[in-house]
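Q: This structure is in structure tokens; I'll ask about it shortly.
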Amino acid sequence: MNLATYINIMINGICIGGLYGLTSSAFTFQVGSLKMVNFCYGSSVMMSMYLTFFFLQRMVFPIPIMVICVVVFNFCLGFAIRKTVLRNTQDRSMNILCTMGLELIFVNSILFIFTARPVDLNMLGTRIHLTDDINIGLIHVISLGLAAVLLLGFSFFLQNTWTGRAIRSVVQNKEIANLMGINSEKTLDMAFSVSYILIGIGGMMLMMIFSADPQFGGYVTLIGFVVCVVSGLGNLWGAFLTGLIIGIVSASIQTFIGPLYHDPLLFSLFVVILLIRPYGLFVKKSKVASSNI
């Protein structure tokens, strides 16, 4: 392989890793900051992919209308999950069981409606030629840029809006926030629902690049778990950067060693990192007990 091949692999790995980072940022926000265990996260991403396919291919909606429909659906889904199965955040074991049950409902609903056959949008798209030998898909570039912009916007929302400050206050100390006049339950409802918007947009962008099948959510959950643990729970930008790293490592393993060894090597590397830095790559040891949002 020549240098151009290596560069192509790295560029594509970074673009795919950006999507991993975006969806995993929502997961680490839910688990690390909001302290809500959500095991139907991957199947929610998968449902967003199928909704994107349904609105674009079956209903033939324009892209802006499709985006609005998916975003509204995910916001409502997040709100419904929070008000039902995640209403009591203190009982972690019950949350795990309930969200795992929701995952089974989501997967089997998709199987019933769309069958087990994979679906895709057949969007090859225009390629940007940086040189004669180095090129990248326009959809990949847009997805990476949009992922970074969305995460910037989400960080700005948390840091510079009244609702964002209320969310941070409730996360840091729920009892004191209540004393300051903040309705902690409504604030947590809003925070969880907003995180589902990130999941919905991540699912839309994944559908533009990959094909979807009912079991795709299991792999997304696995990658999300790896990203969250490696970056450090609650660290949004750490999750995004870790997603980029995993994208590069994943692309390199599949190209240079082979797809057969991808999962064993990737998760072995995860175990090694966990042994060396169990508190995450982007979290200081002194701040392990605190939430980073």
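The values are calculated or read from the model by the stated rules, or taken from the named source; none is laboratory data. Note that the structure is predicted; figures quoted are calculated from it, not measured. All Cβ positions, even for glycine, are placed from backbone atoms using ideal geometry, and neighbour counts span all protein chains on display.
Q: When only residues in the stretch 1-56 that are assigned to a helix (DSSP H, G or I) and in contact with an Asp or Glu (Cβ under 7 Å, 6 or more places away or on another chain) count, which is surrounded by the most Cβ atoms within 10 Å (Cβ to Cβ)?
A: Going through the qualifying residues, I end up with 43.
Q: On to the next question. Inside the stretch 106-122, can you point out the residues that are in a loop (DSSP other than H, G, I, E, B) and surrounded by fewer than 12 Cβ atoms within 10 Å (Cβ to Cβ)?
A: Once the filter is applied, which keeps residues that are in a loop (DSSP other than H, G, I, E, B) and surrounded by fewer than 12 Cβ atoms within 10 Å (Cβ to Cβ), the stretch 106-122 yields 115, 116, 117, 122.
Q: Same structure, new question: Can you say whether residue 87 is part of a helix (DSSP H, G or I) and either surrounded by fewer than 17 Cβ atoms within 10 Å (Cβ to Cβ) or at pLDDT 90 or above (or both), as far as the supplied structure shows?
A: So residue 87 fails the test.
Q: Among the candidates 280, 217, single out the residue that is surrounded by 15 or more Cβ atoms within 10 Å (Cβ to Cβ), in contact with a Gly (Cβ under 6 Å, 6 or more places away or on another chain) and not in a helix (DSSP H, G or I).
A: 280
Q: Pick out the one residue from 142, 176, 136 that is surrounded by fewer than 20 Cβ atoms within 10 Å (Cβ to Cβ) and in a strand (DSSP E or B).
A: Sole residue among the options that is surrounded by fewer than 20 Cβ atoms within 10 Å (Cβ to Cβ) and in a strand (DSSP E or B): 136.
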